[in-house]
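Quick notes on the structure that follows.
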Amino acid sequence: MKTIARSLSFVVAGLCFAVGLGYFTGRDVAAQQIAPLDVREIAPGVYAHQAPITAMDAASGGDISNNGFIVGDDAVAVIDTGGAPIIGERLKKAIEKITDKPIRYVINTTEHPDYIFGNAAFIGPDVTFVGHRNLPRSMAVRGPHYIQTLRRDMGEALIQGVKLIPPTMLVDIGKDRKLDLGHRIIDLRAWPMTATDCNLTVFDAKTKSLFAGDLVYLRHVPVVDGSILGWLEALPRLAAIPAQRVVPGHGPVGADWPQALGAEKAYLTKLTADLQGLLKRGADINEAAQTAAGSEAAKWKLFEVYNPRNATAAYAELEWK
Ligand SMILES: [Zn+2]
């Protein structure tokens, strides 16, 4: 008797499950299962997700750099979308939990895959993608290579669905652009060659919150993929932005501004000074890669991965000066 009752309830449960599946078809089922990205309100209407400091691989699932969004009276602006379509989906889910205002802008602060690979989640007739004047070119030149490499490092499942979506609203160097989200104007600034050739910052004047992307690193060693001298030169102008807090590309979100620039400035300065010394005495590039900025090692995560690359790139840059 007990057995029959048990198998009956099993059948009933199975039926409900089948009916449920029929009701939420395909994408809906997937959408039901997507966990919203964990975000924190760092100032009224300003939300940020703090990603772990780790590498782009299968284990991290593409969640390696910070992102967030700003909510105005009329619309939402998303800032960066994560390193895989699923991260973008999860960010979108987090936004939908907080507001039903439409997402009108998706701003990419640079061309690195950890900031743009989640873009596909936001495609829609009323969504405008926004970026630095140089971003479309960088995406076109480097994007396919990123996809190829990361398919190998992260696995097909995470990369499948990545779309390179060049921005259609562009920001020029020297010409800040303002976006009105409804009683909330955000200011977009395009930077010259610094961390990369297409860095953009987003400043919310209302709460004095700055999204700095890869122009600001905390705990994660800075990555020089543009010009170390250009970056150092830009630091005072960056520090002059009247923000109170910053969402860096990597590391703790909501950090005090401009204090958050201190560690990065020390690292870039030390790396430059060491390389200039090595150049002066004719040291070769391998020695530079192994020794430059060695005294900074204990202060940063992923130092062994990126410092030799930074040293190599910056050595070549300084050699030409
Ligand atoms: Zn980054």
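Rule-based calculations on the coordinates, nothing more; no lab input. Computed from a predicted model, the values in this text were never measured in an experiment. Virtual Cβ from ideal backbone geometry, glycine too; neighbours counted across all protein chains shown.
Taking a ≥ b ≥ c as the square roots of the eigenvalues of the alpha carbon gyration tensor, the stretch 118-169 is oblate, as a/c is not under 1.5 and a/b does not beat b/c. Between helix 2-23 and the chain there is an angle of about 60 degrees, using the helix long axis and the longest principal axis of the Cα atoms. Scanning residues 5 or more positions from V76 or on other chains, those with amide H under 5 Å from its amide H are I103, R104, Y105, with H placed 1.01 Å from N in the peptide plane.
Across the stretch 245-257, rounded Karplus estimates of 3J(HN,Hα) from the backbone phi angles (6.51 cos²θ - 1.76 cosθ + 1.60, θ = phi - 60°) give 9, 9, 9, x, x, 9, x, x, 7, x, 5, 5, 10 Hz, Gly and Pro being marked x. Mean sequence separation of contacting Cα pairs (under 8 Å, at least six apart), scaled by the length of the chain, corresponds to a relative contact order of 14 percent. Expressed as an acute angle from 0 to 90° and rounded to the nearest 10, what is the orientation of the C-alpha long axis of helix 85-98 relative to the principal long axis of the chain? With rounding to tens, the tilt is 70 degrees.
Going by alpha carbons, how many degrees (0 to 90, nearest 10) lie between the helix axis of 228-239 and the longest principal axis of the chain? For helix 228-239, the angle is close to 70 degrees.
Along the stretch 191-207 the Karplus relation, 6.51 cos²θ - 1.76 cosθ + 1.60 evaluated at θ = phi - 60°, assigns HN-Hα couplings of 9, x, 3, 9, 5, 9, 9, 9, 7, 10, 10, 10, 10, 9, 5, 4, 10 Hz to successive residues, with x for each Gly and Pro.
Among 192-199, 281-288, the peptide with the highest mean count of other Cβ atoms within 10 Å heads the list, and the full ranking is 192-199, 281-288.
Taking Cα centroids, how far is the stretch 197-231 from the stretch 109-159 in Å? One Cα centre to the other: 18 Å. Among beta bridges identified by DSSP and lying wholly in the chain, the antiparallel ones come to about 60 percent. If you wrap the tightest convex hull around every Cα atom of the stretch 70-186 and split its volume per residue, you get 88 Å³.
Positive end of the dipole of the chain (Cβ unit charges, origin at the Cα centre): among F117, V171, M139, the Cα lying farthest that way belongs to F117. Over the chain, the hull volume per residue, using the convex hull of the C-alpha atoms, is 164 Å³. In angstrom, the C-alpha Rg and Dmax of the stretch 172-321 are 16.3, 58.
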